[in-house]
Amino acid sequence: MMIDVKKIRQQFPIYDANPDLVYLDTAASSLKPKAVIDVVDHYYSKLGVNVHRGVYGLSYDATDLYEAARTTVAKFLNAKFEEIVFTRGTTSALNLVASSYLEKLKPGDEIITSELEHHSSMLPWLQVAKKTGAVLKYVELDQQGRITVEAFKAVLSDQTKVVALTYVSNVMGYITPVKTIIDLAHEKGAVVILDAAQAAPHLAIDVTALNVDFLAFSGHKICGPTGIGVLYGKRHLLNQMSPIEFGGDMNVTVDKFDATWKEAPYRFEAGTPIIAGAIGLARAIEYISEIGFDSIHEHVSKLHAYALAKLKAVEGIEIYNETAETGIIAFNVLGVHPHDAASIFDQNKVCIRAGHHCAQLITKWLKQIATLRATFYIYNDEKDADLFVESVKEAVRFFGAF
Ligand SMILES: Cc1ncc(COP(=O)(O)O)c(C=O)c1O
């Protein structure tokens, strides 16, 4: 079904106060629909109490909503309830997995990652490698900057224990061929951890069909609240992992000199959990699922193609990812620092991102110090794309060599 942007925008209160807003920074964080704001508001105004602890009605109601949110996430990923750990975001989910591998890896074991990663997907493994003596190996990117199965095979070995890769790149918008990579990694007995922060807003993710071991995403990039994310992990793998935070609600027995932990997911949710965040995330998942990934993909692809065609006609710029599948345009105005160019966009109320996007390795791979990034989502239309391209032209005229 075609997306009706006018109708969608009516569901995002930010447009009431900023009707001229051209928001092209969804890869950093999506806007939030009223449906999500309302359930978060409902929790704070009608419940506001803790979960799992209170022996009274309000606490039971809050607990029901919090655990129902886990069910919603589990269905969204085609996972089991107990395989869903609520975290602060993708970053804390990926760090949680990596910390547990500190006790599992030894010198000579190999970890495969790539230069396409967001820092939160590769830095935890860089730390693990340094502390354990494991070897960090990088998949060589192809000419476009993609991870290919062939290049993955070239670094895969009998020593590979961990594969940590991005499902969709936050700079280039490429989709990694994850299914084949997962199968190949499993043949070597390695576990695969996917960073799905940029996949979750664009792709229907089925962890069972993928047979992936761990996968992480953030609520705030899929129309949900900030401060909530998800770690999916296969049940037996989660239960083999030690908690990294210790405190209330995660233990079964506590003695003066010993303690035992609950099964996953609760062993990883020490202390008061992110209750409103989880409830908001579940509503966000329902919201984007009602729109549907087919419609999202169709809309984003059309807009991306429209903007790209216009952009390619602009002289004095360089586009780095013309074949991106997920509505991301990475580019620079030739000879102009992206932060200078970005000031023109800001003046025109066009919100795009300038910088290294927490992915310095791919920025270096592109031989740039930083890039500009525009991303399209469900609330964007052709007028946004036009204003974006006009701003690019203005930046070229103002700062560029043309
Ligand atoms: C691909 C990718 N991975 C990880 C992250 C980190 O997400 P968060 O900051 O929500 O933890 C981001 C956020 O920009 C991202 O784009």
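The values are calculated or read from the model by the stated rules, or taken from the named source; none is laboratory data. Treat the numbers as computed from the prediction; the structure is a model and nothing was measured. Heads up, the Cβs are rebuilt from the backbone with ideal geometry, glycines too, and the neighbour counts pull from every protein chain shown.
Output the residue which, of all residues in region 212-237 that are among the basic types (Lys, Arg) and surrounded by fewer than 24 Cβ atoms within 10 Å (Cβ to Cβ), is nearest to the ligand (Cβ to nearest atom). So the residue we want is 234.
Summed over region 68-96, the residues that are of a type in the set (A, V, I, L, M, F, W, C) and in a loop (DSSP other than H, G, I, E, B) give a count of 1.
Contact annotation: residue pairs with Cβ atoms under 7 Å, 6 or more positions apart or on different chains, pairing a residue in region 77-96 that is in contact (Cβ under 8 Å) with a residue 24 or more places away in the chain and within 16 Å of residue 199 (Cβ to Cβ) with a partner that is within 16 Å of the ligand (Cβ to nearest atom) and in a helix (DSSP H, G or I), are 90/120; 91/120; 94/120; 94/121; 94/124.
Only one entry of 40, 22 meets the criterion of being modelled with pLDDT of 95 or more and in contact with a strand residue (DSSP E or B) (Cβ under 9 Å, 6 or more places away or on another chain), and that entry is 22.
Residue count for region 164-199 under the criterion of being among the small types (Gly, Ala, Ser) and more than 10 Å from the ligand (Cβ to nearest atom): the result is 5. When 29, 45, 59, 99 are checked against the criterion of being surrounded by fewer than 19 Cβ atoms within 10 Å (Cβ to Cβ), assigned to a helix (DSSP H, G or I) and within 16 Å of the ligand (Cβ to nearest atom), 99 stands alone in meeting it.
With respect to the stated conditions, residue 83 is more than 16 Å from the ligand (Cβ to nearest atom) and either of a type in the set (A, V, I, L, M, F, W, C) or surrounded by 23 or more Cβ atoms within 10 Å (Cβ to Cβ) (or both).
Yes or no, residue by residue, for (1) closer than 21 Å to residue 98 by Cα; (2) of a type outside the set (Lys, Arg):
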residue: 244; (1), (2): yes, yes
residue: 250; (1), (2): yes, yes
residue: 253; (1), (2): no, yes
residue: 256; (1), (2): no, no
residue: 266; (1), (2): yes, yes
residue: 280; (1), (2): no, yes
residue: 287; (1), (2): no, yes
residue: 299; (1), (2): no, yes
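Taking the listed residues 319, 369, 328, the one that is at pLDDT 95 or above and more than 15 Å from the ligand (Cβ to nearest atom) is 319, with no other qualifying. Going through (1) more than 14 Å from the ligand (Cβ to nearest atom); (2) more than 16 Å from the chain's Cα centre (by Cα) one by one, residue 147 falls short only on (1).
Residue by residue, here is whether (1) farther than 27 Å from residue 19 by Cβ; (2) within 16 Å of the ligand (Cβ to nearest atom); (3) crowded, with 17+ Cβ neighbours inside 10 Å; (4) free of Cβ contacts under 8 Å to residues at least 60 places away in the same chain holds:
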site	(1), (2), (3), (4)
303	no, no, yes, no
359	yes, yes, yes, no
381	no, no, yes, no
385	no, no, yes, no
389	no, no, yes, no
393	no, no, yes, no
396	yes, no, yes, no
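Kindly evaluate residue 246 against the criterion of being buried (at least 22 other Cβ atoms within 10 Å of the Cβ) and over 21 Å from residue 279 (Cβ atoms). No, not satisfied.
The residue pairs whose first member lies in region 182-202 and is in a strand (DSSP E or B), whose second member is among the acidic types (Asp, Glu) and modelled with pLDDT of 95 or more, and whose beta carbons are closer than 9 Å, counting only pairs six or more residues apart or on different chains, are 191/213; 192/213; 193/213; 194/213; 195/117. Residue-level check: of (1) of a type outside the set (Ser, Thr, Tyr); (2) more than 30 Å from residue 320 (Cβ to Cβ); (3) within 16 Å of the ligand (Cβ to nearest atom), residue 118 misses just (2). Restricting attention to region 81-109, which residues are closer than 18 Å to residue 271 by Cα, of a type outside the set (A, V, I, L, M) and in contact with a Leu (Cβ under 7 Å, 6 or more places away or on another chain)? Once the filter is applied, which keeps residues that are closer than 18 Å to residue 271 by Cα, of a type outside the set (A, V, I, L, M) and in contact with a Leu (Cβ under 7 Å, 6 or more places away or on another chain), region 81-109 yields only 87.
Being farther than 30 Å from residue 352 by Cβ and part of a helix (DSSP H, G or I) is a property that does not hold for residue 158.
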